[in-house]
Amino acid sequence: MYEFAPVLGSTVDRGIRPVLRFVHVTLGLSPDQVTWAAFWVSAAAAAVFETGRVIPALVLMGVGQMLDALDGGIAREFGLVSAAGHRLDTRLDRASEIAIFLGCAVGGLVSFRLAALASVAVLLLTTIVDRSRLDPGMKRFALYFGIWLPYPLIFTIVFVVNLAAYVVGLLIIDCRFQRDMDALGGDLNTVASRAARLGTP
C-alpha cells in the first residue's frame, strides 16, 4: 500500500508493529491470507453498496482498507516481501475497487457509465504505476466523501485524477527514457548498434 512512499510506510509499520505481530505471529496469518481477507471484506462492502446502504458499506470498506494496510506491513516486518505477493496485492486491490464501483452503480448511487469510466482510468494507471512511481491514491478513499458530496461528482473526480495521473506518468516514463538515452550518448539506433557490436565476437 505504501510502495510509493517508503518513509511513510516504515513510519506506519513502526506504529502498528504490535498489530502486525499479533496478526502474523499470534493468529498465524501470512501476508497473502491478509490480502485475501481484505478482498473478501471489500467484496462484502460492494454487496452492501448494492443495497444503497452507504454508511454500513463505508464501514466495511474501511475495515477492508485497514486489512489491506496490514499485508504489506507484515511482509516488510518479517522479511516476506516478494514479487508474487506484490502482484497479488495489486490485482486484488483493483478487483476490490471495481467491485465497489459497480456496487455503487447497482445501488443507484452513480451511473454505470461513470463507474465504468472510473474503473478504466484506475486500470490504465495501474499498467504504468510501477514504472512511473506516481499514484495519487484517489480510488476507494474518495468514496468516504460521499457522506457530504454527491457520488456522481466523486466518481468524476476519481476518473479525472486517475486519467491525469496516467498521462503524467507516461510523460515521466518518457522523460526518464530520454535521460537514459542521453546518458548513453545517442538515440535508440545508436544504442542498438553498440549492443550489436558488443555481442559480435
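The values are calculated or read from the model by the stated rules, or taken from the named source; none is laboratory data. These numbers were taken from a predicted model, which means no experiment stands behind them. Glycine gets a Cβ as well: all are built from the backbone with ideal geometry, and neighbour counts include every protein chain shown. Ligands, DNA and RNA are stripped out before the accessible areas are found, and what is left, the full protein with its side chains, is counted by its heavy atoms. Shrake-Rupley method; radii C 1.70, N 1.55, O 1.52, S 1.80 Å.
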message: If the elastic network links every pair of Cα atoms under 10 Å, which of 33, 178, 65 fluctuates the most in the Gaussian network model of the chain?
response: 178
- request: Evaluate E = 1/(1 + (r/R0)^6) for residue 174 and residue 91, where r is the Cβ-Cβ distance and R0 equals 30 Å; express this FRET efficiency to the nearest 0.05.
  value: 0.70
Per-residue HN-Hα couplings for the range 42-52 [Karplus 6.51, -1.76, 1.60; θ = phi - 60°; Hz; x = Gly/Pro]: 5, 5, 5, 4, 4, 5, 6, 4, 4, 7, x
Top of 110, 25, 161 by mean-square fluctuation, Gaussian network on the chain, Cα under 10 Å: 25
- request: Using a 1.4 Å probe over the heavy atoms of the protein chains, calculate the carbon and sulfur portion of the accessible area of the chain as a whole percent.
  value: 69 percent
field: Between 0 and 90°, nearest 10: helix 6-15 axis offset from the chain longest Cα axis
entry: 40 degrees
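Skip the ligands, DNA and RNA, and give the accessible area per residue of the chain with a 1.4 Å probe, whole Å².
Values: 10960 Å² over 201 residues.
Per-residue accessible area for the chain comes out at 55 Å².
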Top of 32, 89, 180 by mean-square fluctuation, Gaussian network on the chain, Cα under 10 Å: 180
query: Where does helix 188-199 land angle-wise versus the long Cα axis of the chain, in degrees 0 to 90, nearest 10?
result: 70 degrees
query: What FRET efficiency comes out for the pair residue 127/residue 51, r = Cβ-Cβ distance, R0 = 22 Å, nearest 0.05?
result: 0.10
- prompt: Of the labelled options (i) 67, 45, 27; (ii) 101, 40, 31; (iii) 65, 29, 29, which one gives Cα extents along the principal axes in Å as computed for this structure?
  reply: (i)
